[in-house]
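The values are calculated or read from the model by the stated rules, or taken from the named source; none is laboratory data. Bear in mind that the values here come from a model prediction, so they are computed numbers and not experimental data. When we count neighbours, we look across all protein chains shown, and the Cβ atoms used for this are built from the backbone with ideal geometry, even at glycine. All accessible areas refer to the heavy atoms of the entire protein, side chains included, with ligands and DNA or RNA removed. Shrake-Rupley method; radii C 1.70, N 1.55, O 1.52, S 1.80 Å.
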Amino acid sequence: MTTDAQPADRRRDPPLAGVTVLDIATLFAGPMAATILGDYGADVVKIEHPTRGDPVRDHGPSKDGVGLWWTMLGRNKHAVGLALNRPEGAEILLRLIRDADVLIENFRPGTLERWGLGPDRLHEANPRLVIARVTGFGQFGPYARRPGFGTLAESMSGFAAITGEPEGPPTLPPFGLADGIAALTAAQAVMTALYERDTRSGRGQVVDLAIIEPILAVLGPQPIVYDQLGVVQQRTGNRSVNNAPRNTYRCRDGKWVAISTSAQSIAERVMRLVGHPEVIDEPWFAAGVDRAAHADELDAYVGAWIADRDLADVVKAFEAAEAAAAPIYDIADVFADPQYRALDTVTTVEDPVLGPVRMQNLLYRLSASPGRIAWTGRPRGADTFRVLSSRLGLRAEELGRLADAGVITGESA
């Protein structure tokens, strides 16, 4: 589904048309990176174990036997069941590699090498291949061979340590935050490597991405602050260590609103709006970090004003004052919001089993060469026979033999 308003006859091919991606990763970070590339036109072949498949197929809620997470994460991918740990399966992958641009994997370090599919062998088959290796802890170091998941990255990066109420426990996010950040990073890393290949060296390279690192990169200046000042950031609930007032506040009708005052001018507008302009003249009000030290006082003023009003009135008043506020949404509110509707952020895609389904749209809109969601996640092995026949020239007899031997699986088997 395209996401811009151009007439159809003016649209170009998607920007990644002609780029072939082999997604042999499982669960979230690696497969999501491949989904992003597929959204913008890359030809993505999803390779899964013939019998087990990608565990994300059975992860989370399902409807009519269809995993809903997979329906979204598997979009724009050809589903191929192939046993890479079998010599014949490894050989088939090497043949597919010859015409591929990108391989995304997330096995523990040493696994591909054990199967005879390490980077040296892959680059022997295709020197232009970009190999993205997405693991919990990276390809080297004392933790490299540990099993790694996003939860561990959220814990070890310092995210959990600063999340939650001051007197409460460290808090983990209720979704795959570290995996999502790693996926975005992996997609960007792949594009960087492709650009370098196509404009400079002509050769592919290995992307070594540890899930523990991208989440640390987005946690702000904590490392340099600790290095230079010895300060360890603590949990502050919904407050910020950099500015105030910044919190969530309960409205008269029981709904919640969040405000931010990262800009000095916004902080001044908020205090005028809530009837306490006198604090603007306080010496400490001129700097965000000093305002944060007076958060109790500022929150009391703002919270009392908001508590006397319904959410709609609060948002309207903040908008009129050109101050920054937003209601606290759940997913039902996201569906109903006019701004999200205008952007088509949650779009409708047709699924052959479920019918029309709503899911997140593309991450960004390109004016001249938009991406699209061509189809939802396919059944396990749905495209095995077609892909191996059309791309490698395997005949029906050979495909049947491989299926009988458990090397591949597919609907035609």
Checklist entry - Which of the lysines could be linked to LYS316 by a straight reach, that is with a Cα gap under 26 Å, when you skip same-chain ones fewer than 8 residues away? => result LYS255
Item to check | Scattering profile of the chain at q = 0.08, 0.11 Å⁻¹ [log10 I(q)/I(0), Debye over alpha-carbon scatterers] | outcome: -0.56, -0.95
Item to check | Ranked packing of 51-57, 224-230, most packed first, by mean Cβ within 10 Å | outcome: 51-57, 224-230
Next on the checklist: Quick check: residue separation of GLU297 and ARG108 times 0.36 nm, minus the Cα distance between them. What number comes out in nm?
Outcome noted: 62.9 nm
Checklist outcome for this item: Taking protein heavy atoms only, a 1.4 Å probe, and rounding to whole percent, the accessible area of the range 363-409 owed to carbon and sulfur comes out at 47
Item to check | Inter-probe distance in nm under a simple model that places probes 7 Å from Cα toward Cβ, at PHE175 and ALA405 | outcome: 4.4
Checklist outcome for this item: In Å², rounded to a whole number, the accessible area per residue of the chain with probe 1.4 Å is 51
Checklist outcome for this item: Restricting to lysines and to Cα separations under 28 Å from LYS77, and discarding same-chain partners fewer than 8 apart, the set is LYS46, LYS63
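From Cα pairs below 8 angstrom and at least 6 apart in sequence, can you work out the relative contact order of the range 147-191, rounded to a whole percent?
So the answer I get is 37 percent.
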Checklist outcome for this item: Quick note, the range 136-190: a/c under 1.5 would make it rounded; otherwise a/b > b/c is prolate and the rest oblate (a ≥ b ≥ c, C-alpha gyration tensor); here it is oblate
Item to check | Linear extension gain, ARG341 paired with ARG358, 0.36 nm per residue minus alpha-carbon span | outcome: 4.9 nm
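Expressed as a rounded percentage, what relative contact order does the range 97-222 have, with Cα pairs under 8 Å and six or more residues apart?
31
Under 8 Å for C-alpha pairs, at least 6 residues apart: give me the relative contact order for the chain, rounded to a whole percent.
The normalised contact order for the chain reaches 21 percent.
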Next on the checklist: Which order do the peptides 38-47, 167-176, 135-144, 61-70 come out in when sorted by mean C-beta neighbours inside 10 angstrom, highest first?
Outcome noted: 38-47, 135-144, 61-70, 167-176
Item to check | Alpha-carbon centroid distance for the pair the range 194-262 / the range 292-322, whole angstrom | outcome: 25
Checklist entry - Which peptide among 313-321, 236-244, 329-337, 75-83 comes first, and what is the full order, when sorted by highest mean count of other Cβ atoms within 10 Å? => result 75-83, 236-244, 313-321, 329-337
Checklist entry - Counting DSSP beta bridges with both partners in the chain, what percentage is antiparallel, nearest 5? => result 45
Checklist outcome for this item: Rounded to 0.05, the calculated FRET efficiency for the beta carbons of TRP256 and ARG12 at R₀ = 41 Å is 0.40
Checklist entry - Can you work out the FRET efficiency for the pair GLN222 and THR348, with r the C-beta to C-beta distance and R0 = 56 Å, to the nearest 0.05? => result 0.85
